[in-house]
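The values are calculated or read from the model by the stated rules, or taken from the named source; none is laboratory data. Everything quoted here is computed from the prediction, not taken from an experiment. For neighbour counting, all protein chains shown are included, and Cβ atoms are generated from backbone atoms with ideal geometry for every residue, glycine included.
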Amino acid sequence: MHIHRYEKLWLIIGSLILAVFLGILAFQTFFLEMGPPSHAEMIDPQTVRESEIFADTELKEIGDNEYEIAIIAEMFAFQPGDLEIPAGATVHFTLASPDVTHGFKITDTNVNVMVVPGHISKVSHTFDEPGEYLILCNEYCGLGHEFMANTITVK
Amino acid sequence: MAHINETPILHKGTAVNEDAAAGITGRDIRLSAANLFIAFIALLIGGFAGLLQGLVRSGFFELPSWISYYALLTAHGVMFILVLSSFFSIGYLYAGTSRVLGGLANKTIAFGWAGFALMTTGTLIAAFLIVTGNANVLYTFYTPMQAHPWFYIGLALIVVGILLNCIGMFITYQSWRKRNPGKLTPLFAFFANAVFVLWVFASLFIAVFVIAMVIPWAFGWVATIDPMMGRTLFWAFGHTLVNIWMLTSISAWYVAMPKIIGGKVFSDSLARVAVVILVVANVPGGFHHQILDPGLSVNVKFLHVIQTFMIIFPSLMTAFAMLATMERTGRAKGVTSLLGWWKTLPWSDARFFALIVAMFAYIPAGLGGIINASNQINQVVHNSIWVTGHLHLTVGTTVILTFFGISYWLIPYLSGRKMTPTINRLAVAQTVIWASGMLLMSGAMHINGLLGSPRRTANTSYNGHSAAADWAMYEMLMAMGGVILVVGIILLVYIWAQLAFFAPKGKTDFPIGEDYSPSDASPLFMDRWSIWVALATVSVAIAYIIPLIDFASGHNPGSPPFLMP
Amino acid sequence: MKEASKKKDREDAQETSLRGTFTSVLIIAVFMLVSWFSVFFLFLERN
């Protein structure tokens, strides 16, 4: 099989570019812990509301400008409703669905995670810029899907 | 492989179709034409559903209460992604295989019609339930959303029908090999066989999911279902489908395009290598749709990212091969400047023009795909309307424009007619219209996605939120693109009707290119598909064993159905 | 012998004649880098 010299060169260049991409991704994922949200814990979707984690969906301060909150993603709302936090706050979100699959996306941030029934999803973000961020469900979840949204106000 | 050197002429990828000269038989024509007919109906229904969506989402139009935006979305997805692509690939690949292998085997015809009957019945059942609002689950039908149980029966019939067509293809392919010992199958047949091998992989995943898991659950025979298992099996199917379209399309780029431009296939043997890599590496690519799912570890996800990146490699080969084919053709005409050969290409031939525009669209389409598959970067674009824009560049432009280009020779080839200069000019105009509509629409979708606008969401201002207000302008561009595309569909239907029934009688050939260097033929083992199927199974095993065992080991309590609506 | 050298000449001519292809794929490589890094920097900015 004859491979033209320019084709060899091109395949090497192309593969090197892909290797650079993979290298950057691997470095961020394994050394800076910037990998995608991949929480492993399970939960029975039919008892989410009564469970220890999700019985209380209040915003809790757990450290210096550090908060955690359990959110139930259900047809067609995120419980609790709108949130308010001080600028620079780090928030750890814990999510589960009692019904179908939902998505949890906060605009202007990288917060973007699937909420699949049976699984608990976790994602964290530090909100440096003040403003009103839109939280929306980005996975089709039924005929009221477009109404599933909240805000998080950073002051 | 000593005998290759003894009789090199027999090993040219395309030279051994001596018995094809007789032309295609009536029964092969009827089978292909029937499949293409359903594909064209699907294009019409799916296209108008798409237009309505664009108008609704941008707020130009409100739907009557008896049909929801999501029913249209389901119709658009199922008609284009499942029905159009499967029927078209079968109609086209069967016709081309008949052309290069000298007719389809008797049993192939029987399997083909049986498959056609099942697929058509399944499509009718699914379409009826979608239109009547009983299956608002979109084409991904993620459980535990549940459609009318018969919707899944419809899907299962389509899948089983496709599997029967696969068997039909393998029978003709293997019987040709038996009749021609020591010969390499023609390149087109090699492509066709590869597509059907991928169909088998895709169908098995979705068949297990629909028949063994969803149907018993939807009819209430079992109480719960594991949604993660469903997502994983669906995307093993869904991403394989993507490469089924791509392989079908690039078969025309590799085999027909050289003949159309008056050149030769750049390298028969390298084309086969690209095909084999695509088949072997393909299925695990499905996992890049699940990068943001819970329940899969960071390590396993990174393995999947590497496996997905492997699928990019054959596209690098394809880019070079296509350009080299065109450059050599131009050089043969005496062009000496660096890029002057671009000018000598037959731009006014609709068959070529549609293909070259499709190839250009494949550049941003492929680059978007690399970004989507890039692990944590996926958080920027996942489930945003960027992904919809990506899909409209890949399937909506690259694949569909290639299918249109193919139809400009395939329909007259089957109907025994000739394309007139007028129809050719209309077809060139159609390509321009389609490409500009898609450029406008998918460009707006890409930008809006980066701004955060979600895909698959009906018109909403999110309570007048300022972020959503920024999206409105791009939604208007999307709708304008949609209107342009519908003009394209109407023009296309006119062209197809002309080519099928009204154009002057005559002989149109199915263009099959010859290999540039027949002495550089592939070794015969390239035709032994057992090797490639085994390797593909290994790559599937590497990706899937850990997650599937993890899901199946019973940690998930399971979900009861939620009927939509 | 003569046959072989003729073949070699022809091959050399082919090698040089694909420089337009090579230029074109390099343009694709530039697009590849630009598009990927644009979204990558967007990702960093939003992190």
Residue pairs meeting the criteria (Cβ under 7 Å; at least 6 apart or on separate chains; first closer than 16 Å to residue B:95 by Cβ, in region B:252-266; second among the aromatic types (Phe, Trp, Tyr) and buried (at least 20 other Cβ atoms within 10 Å of the Cβ)): B:255/B:188; B:255/B:191
task: Sort through B:223, B:189 and tell me the only one that's among the small types (Gly, Ala, Ser) and under 21 Å from residue B:278 (Cβ atoms).
output: B:189
- request: Identify all residues within region B:25-44 that are buried (at least 20 other Cβ atoms within 10 Å of the Cβ) and among the aliphatic types (A, V, I, L, M); write none if there are none.
  value: B:31, B:36, B:38, B:39, B:42, B:43
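Quick check: is even one residue across region A:118-137 more than 30 Å from residue B:300 (Cα to Cα) and among the polar types (S, T, N, Q)? Please lay out each step first, then the result.
So in region A:118-137, the residues more than 30 Å from residue B:300 (Cα to Cα) come out as A:128-134.
Cutting the leftovers down to among the polar types (S, T, N, Q) gives us none.
No, the conditions are met nowhere in region A:118-137.
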- line: Residue count, region A:130-151, condition under 15 Å from residue A:116 (Cα atoms), more than 7 Å from every other protein chain (Cβ to nearest Cβ) and either modelled with pLDDT of 95 or more or surrounded by fewer than 24 Cβ atoms within 10 Å (Cβ to Cβ) (or both), comes to 1
message: Residues that are at pLDDT 95 or above, more than 9 Å from every other protein chain (Cβ to nearest Cβ), in a helix (DSSP H, G or I) and within 30 Å of residue A:26 (Cβ to Cβ): does region B:357-368 have at least one?
response: yes
message: Please determine whether any residue of region B:483-497 is of a type in the set (Ser, Thr, Tyr) and assigned to a loop (DSSP other than H, G, I, E, B).
response: no
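Quick check on region B:293-304: of everything there that is facing chain A (nearest Cβ under 7 Å) and part of a helix (DSSP H, G or I), which residue is nearest to residue A:94 (Cα to Cα)? Steps first, please.
The initial filter retains those residues of region B:293-304 that are facing chain A (nearest Cβ under 7 Å), namely B:293-298, B:301-302.
Pick out the ones that are also part of a helix (DSSP H, G or I) and you get B:298, B:301-302.
Values: B:298: 18, B:301: 21, B:302: 23 Å.
Only one residue fits best here, namely B:298.
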Looking only at region A:17-68, and only at residues there that are aromatic (Phe, Trp, Tyr) and in the same structural domain as residue A:118 (by TED's automatic domain parsing), the one that is farthest from the chain's Cα centre (by Cα): A:54
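Return yes when residue A:57 is away from chain B (no Cβ under 12 Å), β-branched (Val, Ile, Thr) and not in a strand (DSSP E or B) and no when it is not. Working first, answer last.
Values: away from chain B (no Cβ under 12 Å): yes; β-branched (Val, Ile, Thr): yes; not in a strand (DSSP E or B): yes.
Yes; evaluated as a whole, the condition is true for this residue.
Confirm whether residue B:401 is under 15 Å from residue B:289 (Cβ atoms) and either within 14 Å of chain A (Cβ to nearest Cβ) or out of contact with any Asp or Glu (no Cβ under 8 Å at 6 or more places or on another chain) (or both). Break it down into steps so the answer makes sense when it comes.
On the way: under 15 Å from residue B:289 (Cβ atoms): no; either within 14 Å of chain A (Cβ to nearest Cβ) or out of contact with any Asp or Glu (no Cβ under 8 Å at 6 or more places or on another chain) (or both): yes.
Here the answer is no, as residue B:401 does not meet what is asked.
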message: I'm trying to understand the selection: among the residues of region B:46-74, which are touching a residue at least 12 places away in the same chain (Cβ under 8 Å) and over 22 Å from residue B:444 (Cβ atoms)?
response: B:66, B:67, B:68, B:71, B:74
message: Here are the criteria: (1) of a type in the set (Val, Ile, Thr); (2) free of Cβ contacts under 8 Å to residues at least 60 places away in the same chain; (3) within 14 Å of another protein chain (Cβ to nearest Cβ). Tell me which single one residue B:200 does not satisfy.
response: (3)
- prompt: How many residues, within region B:393-414, are closer than 14 Å to residue B:488 by Cβ and polar (S, T, N, Q)?
  reply: 2
field: Total residues in region B:369-398, condition closer than 22 Å to residue A:28 by Cβ, more than 10 Å from every other protein chain (Cβ to nearest Cβ) and crowded, with 24+ Cβ neighbours inside 10 Å
entry: 0
message: Against the definition (over 22 Å from the mean Cα position of the chain (by Cα) and either on the phi < 0 side of the Ramachandran plot or more than 10 Å from every other protein chain (Cβ to nearest Cβ) (or both)), how does residue A:8 come out, yes or no?
response: yes
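Would you call residue B:310 closer than 29 Å to residue B:533 by Cβ and either touching a residue at least 40 places away in the same chain (Cβ under 8 Å) or in contact with a Pro (Cβ under 9 Å, 6 or more places away or on another chain) (or both)? Let's see the steps before the verdict.
Values: closer than 29 Å to residue B:533 by Cβ: yes; either touching a residue at least 40 places away in the same chain (Cβ under 8 Å) or in contact with a Pro (Cβ under 9 Å, 6 or more places away or on another chain) (or both): yes.
Answer is yes for this residue.
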From A:3, A:13, residue being within 12 Å of chain B (Cβ to nearest Cβ), of a type in the set (Val, Ile, Thr) and in a loop (DSSP other than H, G, I, E, B): A:3
message: Restricting to region B:238-276, name every residue that is of a type in the set (S, T, N, Q) and within 14 Å of another protein chain (Cβ to nearest Cβ).
response: B:267, B:269
query: Which of the residues spanning region B:59-81 are surrounded by fewer than 23 Cβ atoms within 10 Å (Cβ to Cβ), within 21 Å of residue B:161 (Cβ to Cβ) and away from chain A (no Cβ under 13 Å)?
result: B:81
- line: Checked A:37, A:98 against criteria (in contact with a helix residue (DSSP H, G or I) (Cβ under 9 Å, 6 or more places away or on another chain), closer than 27 Å to residue C:43 by Cα and crowded, with 20+ Cβ neighbours inside 10 Å); the one match is A:37
- prompt: Restricted to region B:526-562, and to residues that are within 11 Å of chain A (Cβ to nearest Cβ) and at pLDDT 90 or above, which residue is surrounded by the most Cβ atoms within 10 Å (Cβ to Cβ)?
  reply: B:559
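Would you be able to say whether some residue in region B:345-358 is among the small types (Gly, Ala, Ser) and at positive phi?
no
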- line: The condition from (1) more than 14 Å from every other protein chain (Cβ to nearest Cβ); (2) modelled with pLDDT of 95 or more; (3) within 22 Å of the chain's Cα centre (by Cα) that residue B:422 misses is numbered (3)
- prompt: When residue A:71 is evaluated against the numbered criteria (1) part of a loop (DSSP other than H, G, I, E, B); (2) more than 8 Å from chain B (Cβ to nearest Cβ), which criterion, by number, is the only one it fails?
  reply: (1)
message: Filter region B:499-525 down to the residues that are surrounded by fewer than 20 Cβ atoms within 10 Å (Cβ to Cβ) and part of a helix (DSSP H, G or I) and list them by number.
response: B:500, B:501, B:502, B:518, B:519, B:520, B:524, B:525
